[in-house]
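Okay, so here's the structure we're looking at.
The values are calculated or read from the model by the stated rules, or taken from the named source; none is laboratory data. What you see is a predicted model, and the numbers here were worked out from it, not measured in a lab. Don't worry about glycine lacking a Cβ; one is built from the backbone with ideal geometry, like all the others, and counts go over all protein chains shown.
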Amino acid sequence: MRNSSRNWLLIAPGLGWLALFMVIPCILIFALSFFERGVYGGVDYNFNFENFQRAFDPIYLGILLDSIRIAGTATLVAILLAYPAAYAISLAPRNKQTTYLFLIMLPFWSNYLIRTYAWIVLLNREGLINNSLEAIGVINEPLNLLYNEFSVITGLVYNYLPFVVLAIYSSISKINPEVREASEDLGAPAWKTFLRVTLPLTAPGVAAGSVFVFVLSVGNFITPDLLGGGRLQMVGNLIYDQFLSARDWPFGATLSFILIGIMMMLLFAQAVVVNRQNTDRTPKVKEELESLKFDASMTQQEKAHA
Amino acid sequence: MKLLKSLGVSVLTLSAVLASASSMADKLVISNWDGYMPADMMERFKKATGIDAELALHATNEEIMGKVVASKGKGYDVIFVSSPFVEALNKLDLIADIDHSQIPNTKNLYKQANNLKYDKGNKMSMPYAWGTTGLCYRADLMDEPTSWNDLLKPNDKLKGKVTMLSTDRWLMAAGFLSLGHSVNTAKQSEIEAAKDVLIEAKKSILAYDDATFYAKLVSGEATMTHAWDGWCNYGTAENPNIKYTIPKEGTDMWVDTMVIPKNSKMKKEAHAFINFVLSQDIGVWIANNVMYKTPNEAAMSSLDKELLKAYPNLAMTPDQIMAQEQLRDLGKTQKAYTKAVTEILASN
């Protein structure tokens, strides 16, 4: 009894914080999404579903799909860049790993805005990259590297890459080296060990990293604004504009609610991946090793045959 | 028990913080754009009148509108907003009448400044600064632009080297003006036509930029930008080849004003603040530091001739400014503008 009341006391501040600053605002957003904007902003409390219909208007749906595509591309690029890096760090000597992880985190010492502005300095038509390329004669005309989808994706990947490296690193470093050794001993080439043992075992890390980049990218509005030069509208910008420029809080709330829904589904999917991995890890790996053994015996037979 | 005690302590600290917050209630609260007044304005005001005031900041008209509409103006005593929003606040019945007898410095204003369409006789607002929107360009890299079409349909040399404002009223205004329509039009067909022009124009712009366009002119990234006259001066300050011009089709005229919410509990002090802002000294400071024109004749007529030579748009006369069409509140039509702007910004 004493223990449980102490536990409740310990949990209370955190729960209170979540209830006050997450659950209640979400309920407010949900409620607001059924009303309409007054002529001069504000809210007319006139219950209807118009905002939800409007959200599926081709313009807004198009913006949502563009955002998903951009965030998806950023996620894919981030995973492709982060996986080898995390893998390399996990293979480094133990005492060096901490240093490498520290270096990965280093960019977070400066502010998001400053890191994003730095890309403007690098990418603009009179910027460092264009000027250097022109100086060494690779190009005659500056390249348009800024204010397009390329620069937005670059900015998103750059800003969220460290999280992905950390997530993947933590799941690679959890793999018992004996599992990989077993695969090798059974005759699997390195690529096969990677594809059939390492990769499936690190799926939770990849899933966590992907969800992280995707969720943070799809709702981002600063990067499309600064690196997209406002020419690229993502759903985050749309929501921002509804609240701060159009002052249509109800419609902004509807869009936010839809975005929250998408994110919840993704987090749920990620939880499922992690859960499945935790429960069936052993049998699955055993199965993989069994099949490798089969492959190995096949190759031995083939050898014998030859 | 220990836990309960520490909880008790934190509750006490929290209530102390809240108490100190509520004691600020007898300070005058002013909300303005950042950097739009002298940094030591509150000290100057305190020295002149003995009244304590504190400054809150807003980044856009829409932001302060959101706050004021949500709080019904409670918690603010003087608010700086642009002219169309004065009309909106008045229609919402949120702003108080201005008592001219409490603002002797109205004598400093140009007589034209008493005849602004959104508020004839300045009954509910007092003008702070005014100006126009036009084209800010590099005179060393191009000939003077003469039409809005030079921006919207740039020649090959200028393609990808122009920027536009994305704030709804001004973005739409560029389209309307190029087609010869009013910047306050409520006709759906004209809104559609302007939208089409602006979607086409988007293909040849470098970026939308409402905040740093002058820096892009200085660096040479952009050759011509859609700009507010005062902000163009920031570019001129760094490169005298950066010049401002109003296209032949004309443009809009905007006024930034001061209003007092009906729910202000310190209206007398709020009037004293407005009176202080309309003094000659503050007017001169605005022109010298913010590089905006003010309707303060006493201040504008005393400006250094060298300053006017360096920044010719500061020398624009009240009649030249008033010749442009004044931005008005759109009421219900605002929704159509917002939708058009969203479509433009989302187009490829």
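Looking at the stretch B:275-314, none of the helices (runs of 4 or more DSSP H) lying wholly inside it contains 3 or more residues that are at pLDDT 95 or above, under 20 Å from B:Trp231 (Cβ atoms) and acidic (Asp, Glu). Being within 22 Å of B:Ile242 (Cβ to Cβ), of a type in the set (A, V, I, L, M), within 18 Å of the chain's Cα centre (by Cα) and buried (at least 22 other Cβ atoms within 10 Å of the Cβ) is the requirement here; does B:Ala222 meet it? No, not satisfied.
Within the stretch A:33-45, being within 12 Å of chain B (Cβ to nearest Cβ) and not charged (D, E, K, R) holds for A:Gly38, A:Val39, A:Tyr40, A:Gly41, A:Gly42, A:Val43. Taking the stretch B:300-348 as the range and being polar (S, T, N, Q), without any contact (Cβ under 8 Å) to a residue 12 or more places away in the chain and more than 14 Å from chain A (Cβ to nearest Cβ) as the test, the residues that pass are B:Ser301, B:Thr317, B:Gln320.
For (1) within 23 Å of B:Ile30 (Cα to Cα); (2) free of Cβ contacts under 8 Å to residues at least 40 places away in the same chain; (3) outside the structural domain of B:Ala272 (by TED's automatic domain parsing); (4) not in a strand (DSSP E or B), each residue gets a yes or a no:
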position: B:Asp93; (1), (2), (3), (4): yes, no, no, yes
position: B:Ser101; (1), (2), (3), (4): yes, yes, no, yes
position: B:Lys123; (1), (2), (3), (4): yes, yes, no, yes
position: B:Leu141; (1), (2), (3), (4): no, no, yes, yes
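Do you know which residues across the stretch B:37-95 are closer than 17 Å to B:Lys265 by Cβ, buried (at least 17 other Cβ atoms within 10 Å of the Cβ) and either within 10 Å of chain A (Cβ to nearest Cβ) or not small (Gly, Ala, Ser) (or both)? If the condition is that a residue be closer than 17 Å to B:Lys265 by Cβ, buried (at least 17 other Cβ atoms within 10 Å of the Cβ) and either within 10 Å of chain A (Cβ to nearest Cβ) or not small (Gly, Ala, Ser) (or both), then B:Ile51, B:Val68, B:Tyr76, B:Asp77, B:Val78, B:Ile79, B:Leu94, B:Ile95 are the ones that fit. Among helices (runs of 4 or more DSSP H) entirely within the stretch A:160-234, having at least 1 residues that are of a type in the set (Asp, Glu) singles out A:177-185, A:222-226. The residues of the stretch B:180-228 that are within 14 Å of chain A (Cβ to nearest Cβ) and either without any contact (Cβ under 8 Å) to a residue 24 or more places away in the chain or part of a strand (DSSP E or B) (or both), listed by number, are B:Lys203, B:Ala207, B:Tyr208, B:Ala211, B:Thr212, B:Ala215, B:Ser219, B:Thr225, B:His226. Of all residues assigned to the stretch A:122-141, none qualifies as being crowded, with 19+ Cβ neighbours inside 10 Å and touching a strand residue (DSSP E or B) at 6+ places or on another chain (Cβ under 7 Å).
For A:Phe257, are the conditions met, namely being in contact with a Phe, Trp or Tyr (Cβ under 7 Å, 6 or more places away or on another chain) and away from chain B (no Cβ under 14 Å)? Here the answer is yes, as A:Phe257 does meet what is asked.
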